[in-house]
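Below is one structure, written out as structure tokens; the observations come after it.
The values are calculated or read from the model by the stated rules, or taken from the named source; none is laboratory data. Because the structure is a prediction, the values reported are computed rather than measured. As a convention, Cβ positions derive from the backbone with ideal geometry for all residues, glycine included, and neighbour counts pool all protein chains shown. When the accessible area is computed, the model is the full protein with side chains, heavy atoms only, and any ligands, DNA or RNA have been set aside. Shrake-Rupley method; radii C 1.70, N 1.55, O 1.52, S 1.80 Å.
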Amino acid sequence: MDVGYRRVIGVGLASFFLFGLVAGCRTTAPHLPSQSAEAAPRPTERLHALLLNGGSRQAINYRSHLENLKGLVAELEGAGVPRDRISVFSSDGTAPEADLAVRDAPSHDDAWLLPQQVRRWFRPVQYVNSTLEGYRLRPARQAALEQWFLKEGSELGAGDTLLLYVTDHGNLNPEDRWENTIALWGEELNVSAFRAMLALLDPEVRVVMLMSQCYSGAFARAILPESNVMLPTGKVCGYFAATASRPAYGCYPENRGKDGVGYSFRFLEALGPLGSFPETNRRVLVTDRTPDVPHLSSDYYLRELLRERGKEAGLELTEYADSFLESAWRDRAAWEPEIRLLDRVGNTFGSFSPRSLAELDTQATVLPEFSAQLNTYAGRWKSALLDLQRENLRRFLEVEPEWTEQLTRDKVAALDDDGRRALSTKLLAALGAYSRADEARYARMLELKRKADDASGARYRAEVRLGVVLRMRMLLRQIAGRTYLAEEGTPEERRGWQDLRDCEELMLDATPAVASASDLDPPEAYPPLAEEQRVVESVTPAWMGIRYRQLTEAEHAERGTHVGAVKVVTIYEEHPASKQLRVGDIVIGPPDAPFEEPHHLREWTMRSEIGTPTALGIIRDGQRQTVALELAPFPLQMPALPGPPKVGSVAPELSVDLYRGGTKLAVGKPRLLYFWATWCLICKNALPEILAYGEANDIEIVAITDEEVGTLSTFFETFDEPFPTVIAIDLDRASFVDYGVSGIPTFVLVDGDGVVQHYQSGYRRDTGLRIDGWTWSDPRKEAQADPAADPS
């Protein structure tokens, strides 16, 4: 079998680097505790904190900002940081004027029957003064911040750490996103001005940023010297809720002014039991159910390094980074914690777990379009609902004219809070009864509301899913960047990364209640992608109906193709490509204009005219030919956004090469698909049971991996335990994607008719295979329970 060319350089060096031996060994003499040894200092002994909520202005200075300040203050005080080392800047400071916007939640189930404008009469925004018990709030203005750096900040020196927290609004600078701003009270603070403030500190002071505002990733630039040379100082690092080009959770209408959501809330929630900032960030990656993209300054550094070095090599970031991912996966066992984190993120949000950046490109392109289309649909449903709400209210006032005089904006505004609540309760009782009396119109209103809510909810979930794609992309770039450093990085680049990681290792508790984010209970799973299918039927971009991968350099050289040529790895049979293309075809572009750039095919497809046959050059079985391909509207039913197949659905076709166990899989035979890897210990723990299941039920076990022939051959030279006879290789990961594999091991039971009967991700010895009707007694447990049992 032709396994193609794979990058293999530097594996030994990568393993050496990954285990911490960077730019010279760091050794620590063993320390034995003794009764006379002094207690270790608290990790917060020299920690200072500057907390900032600018608020911008009264109307959008939400209560959630103040709650976040309170939450972090509680964590810091609980960790032993005294109040005199915590400085809080919030809105207008101690000025007596009300500066904080609060609004009660709707308290009546029928409130939705009123048009939104009328509902607001009964829920006006209330303004109160910001206070934080035990603290003097300082004004969130640039002059006040500069004064702090010149006075309190000047007292900090080597060995001190400054935690700089921002829970606030942030603004995008459309001309230069690396000069985005933090909203202060009536002012804005851009990246350059922020760096100038940091420059007032002793250069040996460690600064750890924790920022949750929109577009906060721009402030990762502060890790670099003013010259922006890609060598961080190592004394400034940070954690960010969003990239430099994306809004954070608070900028989405679903979250505006809400408490208990988003990056800050989830970070503080996990910080208590974990005590460690890095572990807390890992937890937030799976618990933050908003569009946030949590990332670190070291992630930014590695991405920019890869971008710069790729540019020097004449390669786009994705292609350049994927070449290092190929190298990293040569020793997957060394990356098991990172792979497990990818799997947890994918499994939580109903997505497959990627192993290359190219695998995420389609989702990163499609999801924003999906969100925009759903937003349009939601707007239409809302407009229709508003029209019917107004008509229903008009008819109600005709029947109940005594309400006409009471139901005016001025009359409602003249009431106090208790009066508004009483009037609202009485009105909604009458309006609800009237509305339900007309069953047909009420059913229409319910249907319009449901569709508006469904479209809005799906649009928001699409934004969350895009955020998850970007989180996984960040994790993959981190792996690629670390592999680059190990194989090709300069000593200065390695030291710069290590210094950043050291800076990011902020602890509030040296002995936390929970040592690792993975030890906490898994969060509730996100709704699967399949549930979004009912929301819309189609979108306008043209679609070819294929999934593809870029060719390797060796494949280009062998076929004489341009850089943009791609290999078809999946075809969706219900769409036009299935009539003209086959899996394995090389698509080279229109006959007179071959694709010259990576992913040119996707751009060409999306811009082409729908329904008009177009000539496309391909290579099939080594022969160049031309096919006439008719493109269709892009379907929002999500075939390009794979998730696990539903039980009872037709199983996707397997696109694999057999390593052993025959030359092809038998048709019409029931089988248990077992997605595994040589480095996966849990996969090996599952072997006795899956083999027993196959033997007891006369079902073929097909072990599927995305590793190469050489890796398998090396593994089986030393692995002598029973193993499934049939082993398949899926180098293109087509079946991993089609079956929505978000972690390994994954088990899929397919009957003789090709229908999925069971789907399971993960394995535990105490629960085993959770297949209906199957029970199994693990002999390993019995051996442990019986001391006299034969240990062999």
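Take S192 and tell me if it is outside any loop (DSSP other than H, G, I, E, B) and more than 18 Å from L506 (Cα to Cα). So S192 passes the test. Looking at D168, D202, D176, just one residue is of a type in the set (D, E) and within 21 Å of V88 (Cβ to Cβ), and that residue is D168.
The residues listed here are R436, R465; of these, the one that is under 43 Å from the mean Cα position of the chain (by Cα), surrounded by 12 or more Cβ atoms within 10 Å (Cβ to Cβ) and touching a residue at least 40 places away in the same chain (Cβ under 8 Å) is R465. Looking across the range 698-731 at every residue that is of a type outside the set (V, I, T), part of a helix (DSSP H, G or I) and in contact (Cβ under 8 Å) with a residue 40 or more places away in the chain, the one that is most open to solvent (accessible area, probe 1.4 Å) is identified as G710. With respect to the conditions (1) open to solvent by less than 50 Å² (accessible area, probe 1.4 Å); (2) within 26 Å of T287 (Cβ to Cβ), P337 falls short on a single one, namely (1). Got at least one residue in the range 760-771 being farther than 25 Å from F349 by Cβ, outside any loop (DSSP other than H, G, I, E, B) and modelled with pLDDT of 90 or more? Within the range 760-771, not a single residue is farther than 25 Å from F349 by Cβ, outside any loop (DSSP other than H, G, I, E, B) and modelled with pLDDT of 90 or more. Any residue at all in the range 150-169 that's among the aliphatic types (A, V, I, L, M), more than 35 Å from the chain's Cα centre (by Cα) and within 25 Å of D418 (Cα to Cα)? The answer is no; no qualifying residue exists.
Of all residue pairs spaced 6 or more apart or on separate chains, none has beta-carbon atoms under 7 Å together with a first member in the range 511-525 that is over 18 Å from P337 (Cβ atoms) and a second member that is loosely packed, with under 15 Cβ neighbours inside 10 Å. Restricting the range 244-283 to residues that are modelled with pLDDT under 95 and of a type in the set (A, V, I, L, M), which is farthest from D521 (Cα to Cα)? Checked the range 244-283; the qualifying residue farthest from D521 (Cα to Cα) is A248. From the residues in the range 532-564 that are modelled with pLDDT of 80 or more and of a type in the set (D, E), which one is least open to solvent (accessible area, probe 1.4 Å)? By that ranking, first place goes to E555. Whenever a residue of the range 420-433 is within 13 Å of P115 (Cα to Cα) and open to solvent by less than 60 Å² (accessible area, probe 1.4 Å), its partners that are among the aliphatic types (A, V, I, L, M) and in a helix (DSSP H, G or I), lying with C-beta atoms within less than 6 angstrom and at least six residues away or across chains, give the pairs L431/L113.
Every test in (1) among the hydrophobic types (A, V, I, L, M, F, W, C); (2) open to solvent by 40 Å² or more (accessible area, probe 1.4 Å); (3) under 22 Å from E653 (Cβ atoms) is passed by I682 save one, and that test is (3).
T243 satisfies every condition listed in (1) part of a strand (DSSP E or B); (2) surrounded by 23 or more Cβ atoms within 10 Å (Cβ to Cβ) except (1). Residues considered: R355, R344. Of these, the only one that is of a type outside the set (S, T, N, Q) and assigned to a helix (DSSP H, G or I) is R344. When residues in the range 222-240 are screened for being among the hydrophobic types (A, V, I, L, M, F, W, C) and surrounded by fewer than 22 Cβ atoms within 10 Å (Cβ to Cβ), 4 of them pass. Taking the range 392-415 as the search range and keeping residues that are surrounded by fewer than 17 Cβ atoms within 10 Å (Cβ to Cβ) and touching a residue at least 40 places away in the same chain (Cβ under 8 Å), which one is nearest to Y442 (Cα to Cα)? Among those residues, the one meeting the criterion is R409. Kindly indicate whether any position in the range 49-71 is in contact (Cβ under 8 Å) with a residue 24 or more places away in the chain, open to solvent by 10 Å² or more (accessible area, probe 1.4 Å), under 30 Å from R394 (Cβ atoms) and out of contact with any Ser or Thr (no Cβ under 8 Å at 6 or more places or on another chain). No, the range 49-71 has no match at all. Restricting attention to the range 86-121, the residues that are within 30 Å of E188 (Cα to Cα) and either touching a residue at least 60 places away in the same chain (Cβ under 8 Å) or surrounded by 17 or more Cβ atoms within 10 Å (Cβ to Cβ) (or both) add up to 12. Within the range 262-288, the residues that satisfy the criterion of being open to solvent by 20 Å² or more (accessible area, probe 1.4 Å), in contact (Cβ under 8 Å) with a residue 40 or more places away in the chain and within 18 Å of the chain's Cα centre (by Cα) are F265, E279, R282, R283. Does L687 satisfy being out of contact with any Cys (no Cβ under 8 Å at 6 or more places or on another chain), surrounded by 14 or more Cβ atoms within 10 Å (Cβ to Cβ), outside any strand (DSSP E or B) and at pLDDT 95 or above? It is true that L687 is out of contact with any Cys (no Cβ under 8 Å at 6 or more places or on another chain), surrounded by 14 or more Cβ atoms within 10 Å (Cβ to Cβ), outside any strand (DSSP E or B) and at pLDDT 95 or above.
Looking only at the range 45-76, which residues are more than 15 Å from N129 (Cα to Cα) and of a type in the set (G, A, S)? Once the filter is applied, which keeps residues that are more than 15 Å from N129 (Cα to Cα) and of a type in the set (G, A, S), the range 45-76 yields A49, G71, A74. Screening F219 with (1) surrounded by fewer than 22 Cβ atoms within 10 Å (Cβ to Cβ); (2) in contact with a strand residue (DSSP E or B) (Cβ under 8 Å, 6 or more places away or on another chain); (3) in a helix (DSSP H, G or I) gives one miss only, at (1). Kindly evaluate A183 against the criterion of being open to solvent by less than 10 Å² (accessible area, probe 1.4 Å), out of contact with any helix residue (DSSP H, G or I) (no Cβ under 9 Å at 6 or more places or on another chain) and at pLDDT 95 or above. Against the criterion (open to solvent by less than 10 Å² (accessible area, probe 1.4 Å), out of contact with any helix residue (DSSP H, G or I) (no Cβ under 9 Å at 6 or more places or on another chain) and at pLDDT 95 or above), A183 does not qualify. Scanning the range 360-390 for residues that are open to solvent by 40 Å² or more (accessible area, probe 1.4 Å), over 30 Å from V737 (Cβ atoms) and either outside any helix (DSSP H, G or I) or at pLDDT 85 or above (or both) yields a count of 2. The C-beta contact set for the range 469-483 (first residue open to solvent by 10 Å² or more (accessible area, probe 1.4 Å), second residue not in a helix (DSSP H, G or I), distance under 8 angstrom, 6+ apart or interchain) comprises L470/T243; L470/R246; L470/V293; R473/L357; M474/V293; M474/H295; R477/L357. Take L306 and decide whether it is crowded, with 19+ Cβ neighbours inside 10 Å and of a type in the set (A, V, I, L, M, F, W, C). Spelling it out, L306 is indeed crowded, with 19+ Cβ neighbours inside 10 Å and of a type in the set (A, V, I, L, M, F, W, C). The lone criterion from (1) within 26 Å of R450 (Cβ to Cβ); (2) touching a residue at least 24 places away in the same chain (Cβ under 8 Å); (3) part of a helix (DSSP H, G or I) left unmet by G350 is number (3).
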